[in-house]
Ligand code: HEM
Ligand code: SF4
Ligand code: FES
């Protein structure tokens with residue numbers, strides 16, 4: 001059994017996109033170590049509701065690390081202190097009795113705050129809509145070996161496809177760049193025969209959309225890959241650059 | 001045009017101009033080292049790169065590389081700041097794998113630029129510029145001996161070399177990543193190649209400055225014999 005801990009939460013509260021936000025402190029008492037971070041916030045919200053206060057707004061859905069909705073910046077790290085884990089996969093046993101835990105929303109011009117800890121990540125949907133798909137109808141599931149794909153390419157594509165579109169890469173980036181996300185979404189298709197056909201159009205359209213939406217340019221600082229809950233590698237960014245330059249040169 | 005209006009295009013310009021400057025530094029370092037072995041040889045290089053048409057074309061090309069690199073650096077840095085937004089995190093942590101240099105490329109670049117201004121005043125303004133105006137340039141070997149007999153110039157140059165080293169330990173692999181010539185395997189290799197190459201490059205510059213400083217300050221006889229014919 002994990003020990004129970006008591007600690008102080010410093011949470012960013014902001015009523016709307018245009019309102020001024022501020023940190024509010026909440027004292028949490030006797031929280032069991034096997035409570036997940038989001039369950040801990042649920043406990044706090046229940047208390048707030050019982051006290052007739054506004055509960056803290058935060059994004060979440062699957063709570064098992066696959067949907068990409070949860071998005072908290074905890075003690076200086078997107079998705080908190082663990083590597084290769086989303087916020088919903090963080091448990092309170094990672095923290096010490098008496099800690100002060102600071103919780104902030106993603107902060108980047110591309111992701112404006114909607115309320116409290118919830119930010120608007122629709123920019124990612126727009127980038128996907130610009131070209132992150134294969135435009136032919138592929139029909140039913142084909143026979144496994146009908147189209148031979150080298151193991152190395154399949155593995156790389158699979159690693160890129162692990163991206164859950166959470167936006168932690170943007171939240172971590174000093175340039176507010178979405179390159180890790182875009183590179184993962186370009187790579188997961190570009191490496192496979194079904195995606196290769198439209199590769200040039202895709203990479204140009206997605207990158208143009210990313211620029212248009214005001215995300216920054218990559219300076220290879222690598223904060224994104226260190227904070228990505230799915231450990232997406234910046235080698236995908238090299239591939240994105242390579243494909244974009246190639247597409248532009250062949251125009 | 002994608003080199004002006006796309007984020008990757010702008011970075012490609014940074015990368016190519018940066019790599020051009022690295023190539024120039026490599027030649028520059030090699031020529032400096034000649035001064036360690038032969039004053040005559042060094043004087044020959046100075047004459048060769050005086051006010052001749054090819055040296056002038058080279059100088060203009062180099063100035064262009066520098067101007068474009070700095071202009072794009074400023075442009076990118078400002079637009080990246082804007083993309084980041086005005087709200088700052090209250091708590092920040094530097095994640096594993098993020099180098100100091102990569103977070104401070106612009107500041108390092110500014111130090112590099114200031115060092116460059118000093119360097120141009122120390123040497124270029126007294127050599128090629130004088131010759132271009134029809135005067136007689138100062139002797140290259142004498143200029144080296146004079147400049148690096150002053151401890152404050154030595155100190156400033158060493159700080160300058162340190163800034164270039166930091167700028168390039170990140171800049172080298174970053175430039176290659178930017179033009180897409182990297183992957184999981186080569187990332188590690190390029191990083192090693194970059195660190196080793198840039199360290200040797202900067203040691204070459206440091207070596208010349210320190211050797212001349214010791215020679216002028218302590219008059220160690222064994223140094224005079226390396227230089228041959230200096231004294
Ligand atoms: C000896 C002179 C210089 C050399 C050899 C040099 C070299 C480089 C290289 C190779 C890169 C990597 C390009 C890339 O990431 O794609 C770079 C990036 C950069 N340089 Fe320079 N540079 C020099 C001077 C300067 C100066 C004077 C400034 C600014 C005042 C500057 C600012 C920058 C900035 C902001 C970057 C972008 C960093 C990044 O995107 O990672 N550099 N430089
Ligand atoms: S690349 Fe990683 S950090 Fe970025 S959106 Fe995808 S999963 Fe999240
Ligand atoms: S809530 Fe779905 S990934 Fe965290």
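Applying the criterion of being part of a loop (DSSP other than H, G, I, E, B) and over 23 Å from the mean Cα position of the chain (by Cα) to the residues of segment A:21-45, the residue that is farthest from ligand 3 (Cβ to nearest atom) is A:33.
When segment B:177-207 is filtered for residues that are more than 8 Å from chain A (Cβ to nearest Cβ) and farther than 20 Å from residue B:25 by Cβ, the ones remaining, listed by number, are B:185, B:186, B:188, B:189.
Just give me the residues in segment A:207-239 being assigned to a helix (DSSP H, G or I), within 8 Å of chain B (Cβ to nearest Cβ) and under 18 Å from residue B:4 (Cβ atoms), in sequence order.
Correct list: A:207, A:208, A:210, A:211.
Scoring residue A:18 on the criteria (1) more than 14 Å from chain B (Cβ to nearest Cβ); (2) within 24 Å of the chain's Cα centre (by Cα); (3) part of a loop (DSSP other than H, G, I, E, B) leaves a single failure, condition (1). Would you check if residue A:83 is within 14 Å of chain B (Cβ to nearest Cβ) and either under 30 Å from residue A:214 (Cα atoms) or touching a helix residue (DSSP H, G or I) at 6+ places or on another chain (Cβ under 7 Å) (or both)? Yes; evaluated as a whole, the condition is true for this residue. Does segment B:85-98 contain any residue that is more than 20 Å from the chain's Cα centre (by Cα), modelled with pLDDT under 95 and part of a helix (DSSP H, G or I)? No. Being surrounded by fewer than 14 Cβ atoms within 10 Å (Cβ to Cβ), more than 8 Å from chain A (Cβ to nearest Cβ) and either in contact with a helix residue (DSSP H, G or I) (Cβ under 6 Å, 6 or more places away or on another chain) or under 30 Å from residue B:129 (Cβ atoms) (or both) is true of residue B:61.
Looking only at residues that are more than 11 Å from residue A:223 (Cβ to Cβ) and either surrounded by 24 or more Cβ atoms within 10 Å (Cβ to Cβ) or within 14 Å of ligand 3 (Cβ to nearest atom) (or both) in segment A:161-175, which one is farthest from the chain's Cα centre (by Cα)?
Residues of segment A:161-175 more than 11 Å from residue A:223 (Cβ to Cβ): A:161-167.
Checking which are either surrounded by 24 or more Cβ atoms within 10 Å (Cβ to Cβ) or within 14 Å of ligand 3 (Cβ to nearest atom) (or both) leaves us with A:162-167.
Details: A:162: 11, A:163: 8, A:164: 6, A:165: 5, A:166: 2, A:167: 3 Å.
So the residue we want is A:162.
Table: residues versus (1) surrounded by fewer than 18 Cβ atoms within 10 Å (Cβ to Cβ); (2) near ligand 3 (Cβ under 10 Å from one of its atoms); (3) at pLDDT 95 or above.
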{"residue": "A:47", "(1), (2), (3)": "yes, no, yes"}
{"residue": "A:50", "(1), (2), (3)": "yes, no, yes"}
{"residue": "A:57", "(1), (2), (3)": "yes, no, yes"}
{"residue": "A:65", "(1), (2), (3)": "no, yes, yes"}
{"residue": "A:83", "(1), (2), (3)": "yes, no, no"}
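Here residue B:42 meets each of (1) at pLDDT below 95; (2) out of contact with any strand residue (DSSP E or B) (no Cβ under 9 Å at 6 or more places or on another chain); (3) over 30 Å from residue B:143 (Cβ atoms) with one exception, condition (3). Just one of the listed residues (A:89, A:96) is over 23 Å from residue A:216 (Cβ atoms), within 16 Å of ligand 2 (Cβ to nearest atom) and modelled with pLDDT of 95 or more, namely A:89.
Report, by residue number, each residue of segment B:142-161 that is in contact with a helix residue (DSSP H, G or I) (Cβ under 9 Å, 6 or more places away or on another chain), free of Cβ contacts under 8 Å to residues at least 24 places away in the same chain and part of a helix (DSSP H, G or I).
Taking segment B:142-161 first, the residues in contact with a helix residue (DSSP H, G or I) (Cβ under 9 Å, 6 or more places away or on another chain) are B:143-151, B:153-154, B:156-161.
In the following step, the residues that additionally are free of Cβ contacts under 8 Å to residues at least 24 places away in the same chain were identified as B:143, B:146, B:150.
Answer for segment B:142-161, where residues must be in contact with a helix residue (DSSP H, G or I) (Cβ under 9 Å, 6 or more places away or on another chain), free of Cβ contacts under 8 Å to residues at least 24 places away in the same chain and part of a helix (DSSP H, G or I): B:143, B:146.
Residues in segment A:240-251 that are surrounded by 22 or more Cβ atoms within 10 Å (Cβ to Cβ) and more than 7 Å from chain B (Cβ to nearest Cβ): A:240, A:243. Of these, A:157, A:161, A:153, which one is farther than 22 Å from residue A:87 by Cβ, away from chain B (no Cβ under 11 Å), touching a helix residue (DSSP H, G or I) at 6+ places or on another chain (Cβ under 6 Å) and free of Cβ contacts under 8 Å to residues at least 40 places away in the same chain? Going through A:157, A:161, A:153 in turn, just one is farther than 22 Å from residue A:87 by Cβ, away from chain B (no Cβ under 11 Å), touching a helix residue (DSSP H, G or I) at 6+ places or on another chain (Cβ under 6 Å) and free of Cβ contacts under 8 Å to residues at least 40 places away in the same chain: A:157.
Considering B:147, B:169, which residue is buried (at least 16 other Cβ atoms within 10 Å of the Cβ), closer than 30 Å to residue A:79 by Cα and more than 10 Å from every other protein chain (Cβ to nearest Cβ)? Please lay out each step first, then the result.
Working: B:147 fails: closer than 30 Å to residue A:79 by Cα.
On inspection, the qualifying residue turns out to be B:169.
The values are calculated or read from the model by the stated rules, or taken from the named source; none is laboratory data. Quick caveat, the model's predicted, so the values are computed rather than measured. Heads up, the Cβs are rebuilt from the backbone with ideal geometry, glycines too, and the neighbour counts pull from every protein chain shown.
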